[in-house]
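One structure is given here, and the rest of the page talks about it.
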Ligand code: GLU
């Protein structure tokens with residue numbers, strides 16, 4: 001390719017950025033970065049009833065979070081500003097006047113009732129519901145006169161009488177018979193230009209070389225091709241990305257769980273995990289089974305030719321696998337900062353922002369122990385809940401726990417363990433814990449599960465969990481570590497859960 005590519009991501013601020021849109025943005029971004037081209041962000045807000053400033057803000061926040069910064073667009077500006085369609089209405093108007101002048105478009109005075117009747121008749125006769133072309137033949141002078149007299153009109157494009165063809169980098173040559181398109185409306189009688197029209201004018205004026213977007217737009221493309229032709233503009237390359245499906249192979253939707261980028265962020269999925277995952281949703285690197293890629297590596301490897309035309313299936317397991325990988329890699333201080341709001345949200349660690357460094361050191365230890373056990377950060381409060389205390393009655397009632405505690409040996413173990421703990425003020429270290437357990441073992445003859453399970457239930461509320469060696473330091477003040485006020489120590493746990 002001799003010219004540097006220019007691509008765009010053109011979201012409509014009518015809702016949140018979802019998986020499909022984020023993947024479109026990512027592929028555009030990677031394509032531009034790989035070839036040293038430009039990535040443009042254009043806000044398509046001509047649907048005034050549905051567009052909202054808060055959605056635009058959220059979209060921008062999500063793109064920034066994913067690391068997909070733009071070269072031209074809101075906040076950056078550039079040679080083709082403005083980049084918000086609602087600020088470009090004058091440009092569209094000029095172009096409409098040009099098409100009318102050149103006879104490529106015409107005024108359509110059909111009323112809503114007339115069009116409805118046409119559609120009804122077509123449906124009754126099982127014909128395609130295309131516009132009849134009633135206003136196509138109105139002469140220029142009569143058309144201008146009626147417009148001036150105040151008659152309402154839409155502007156329609158005169159579709160050429162040849163098939164509409166374009167090249168798609170994912171699907172190859174695509175052709176639509178012109179009869180299926182009919183003369184599309186470019187500007188409604190309200191004066192508002194329609195999506196197919198403004199997207200084409202903007203793509204052409206912004207010198208977009210490759211239109212990379214979801215395949216839900218493929219049926220719009222012949223209309224856009226006809227608009228390029230009407231202006232005598234060169235067609236860009238197109239690349240329509242396959243639909244993303246849920247595990248039941250239905251189009252991915254809210255039914256399948258979170259799909260908005262903001263929801264993934266709130267769950268504690270790292271942006272690098274989501275980016276890596278989205279890259280794999282329809283693309284794979286040359287000759288390999290490799291699946292872990294940083295944004296830099298993706299930029300190096302990404303080729304549109306390797307984007308598949310078959311639908312991609314959203315796979316939570318793989319996203320979780322990647323997130324666990326990136327959580328392990330991530331800088332500890334960063335993970336701590338991302339993790340604590342989840343605790344705050346669950347009513348744990350209140351006021352932690354202002355905690356002293358000893359309490360923060362304790363939190364770091366807690367995370368180091370539990371992070372490998374979670375796939376997303378919002379699982380942490382539940383996983384670590386027992387550290388902050390647990391419901392004693394519920395722990396006793398739990399069937400598996402009850403089976404353990406019912407035995408005489410368990411009661412003996414608990415009583416002996418409590419006596420050891422009470423007999424000394426020594427700090428409770430993993431080493432001290434081992435000494436006590438050996439003594440309890442000798443005194444009660446309990447071993448293995450019979451020895452450890454009752455103690456584990458007393459300290460944690462459950463008969464399974466992390467090793468005591470790692471757990472004991474979490475329950476104790478230590479060198480440079482302070483427990484948050486409401487985390488009970490081993491001694492407190494023993495007193496709260498006495499033998500019966
Ligand atoms: N505003 C359109 C959308 O959000 C963009 C379509 C396109 O990329 O051409 O679906």
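The values are calculated or read from the model by the stated rules, or taken from the named source; none is laboratory data. Keep in mind the model is a prediction, meaning the values are calculated, not measured. Methodologically, a virtual Cβ is constructed for each residue, glycine included, from the backbone with ideal geometry; neighbour enumeration extends over all protein chains shown.
Numbers below:
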read-out	value
Top-ranked residue of the range 22-31 - restricted to ones that are touching a helix residue (DSSP H, G or I) at 6+ places or on another chain (Cβ under 9 Å) and closer than 14 Å to residue 239 by Cα, ranked as farthest from the ligand (Cβ to nearest atom)	30
Condition met for residue 48 (crowded, with 19+ Cβ neighbours inside 10 Å, outside any helix (DSSP H, G or I), within 15 Å of the ligand (Cβ to nearest atom) and touching a residue at least 40 places away in the same chain (Cβ under 8 Å))	no
Condition met for residue 255 (outside any loop (DSSP other than H, G, I, E, B) and closer than 19 Å to residue 24 by Cα)	no
Residue among 34, 55 that is at pLDDT 95 or above, in a helix (DSSP H, G or I) and within 14 Å of the ligand (Cβ to nearest atom)	55
Conditions (1) within 19 Å of the chain's Cα centre (by Cα); (2) more than 10 Å from the ligand (Cβ to nearest atom); (3) in a loop (DSSP other than H, G, I, E, B); number of the one not met by residue 15	(2)
Qualifying residues in the range 204-234 (those that are near the ligand (Cβ under 10 Å from one of its atoms) and assigned to a helix (DSSP H, G or I)) - the one nearest to the chain's Cα centre (by Cα)	216
Residue list for the range 425-446, restricted to those being without any contact (Cβ under 8 Å) to a residue 60 or more places away in the chain, within 20 Å of residue 471 (Cα to Cα) and not in a helix (DSSP H, G or I)	425, 426, 427, 429
Selection status of residue 101, surrounded by 20 or more Cβ atoms within 10 Å (Cβ to Cβ), without any contact (Cβ under 8 Å) to a residue 60 or more places away in the chain and under 30 Å from residue 160 (Cβ atoms)	no
From the options 109, 39, residue that is surrounded by 14 or more Cβ atoms within 10 Å (Cβ to Cβ), under 21 Å from residue 213 (Cβ atoms) and either at pLDDT 95 or above or within 12 Å of the ligand (Cβ to nearest atom) (or both)	39
Condition broken by residue 347, with the remaining ones in (1) in contact with a helix residue (DSSP H, G or I) (Cβ under 9 Å, 6 or more places away or on another chain); (2) touching a residue at least 24 places away in the same chain (Cβ under 8 Å); (3) in a loop (DSSP other than H, G, I, E, B) satisfied	(2)
Residue 333 touching a helix residue (DSSP H, G or I) at 6+ places or on another chain (Cβ under 6 Å) and either modelled with pLDDT of 95 or more or surrounded by fewer than 16 Cβ atoms within 10 Å (Cβ to Cβ) (or both)	no
Unmet requirement for residue 119, which otherwise passes all of (1) in contact (Cβ under 8 Å) with a residue 24 or more places away in the chain; (2) out of contact with any strand residue (DSSP E or B) (no Cβ under 7 Å at 6 or more places or on another chain); (3) not in a loop (DSSP other than H, G, I, E, B)	(1)
Matching residues, the range 58-74, being buried (at least 19 other Cβ atoms within 10 Å of the Cβ) and either outside any helix (DSSP H, G or I) or out of contact with any helix residue (DSSP H, G or I) (no Cβ under 7 Å at 6 or more places or on another chain) (or both)	59, 60, 68, 70, 72, 73
Any hit, the range 394-414, residues being assigned to a helix (DSSP H, G or I) and closer than 30 Å to residue 337 by Cβ	no
Considering residues of the range 137-176 that are touching a strand residue (DSSP E or B) at 6+ places or on another chain (Cβ under 6 Å) and in a loop (DSSP other than H, G, I, E, B) only, the residue surrounded by the fewest Cβ atoms within 10 Å (Cβ to Cβ)	163
Test: residue 463 is part of a loop (DSSP other than H, G, I, E, B) and surrounded by fewer than 15 Cβ atoms within 10 Å (Cβ to Cβ)	no
Any hit, the range 177-195, residues being closer than 21 Å to residue 43 by Cβ, modelled with pLDDT of 95 or more, buried (at least 21 other Cβ atoms within 10 Å of the Cβ) and away from the ligand (no atom under 16 Å from the Cβ)	yes
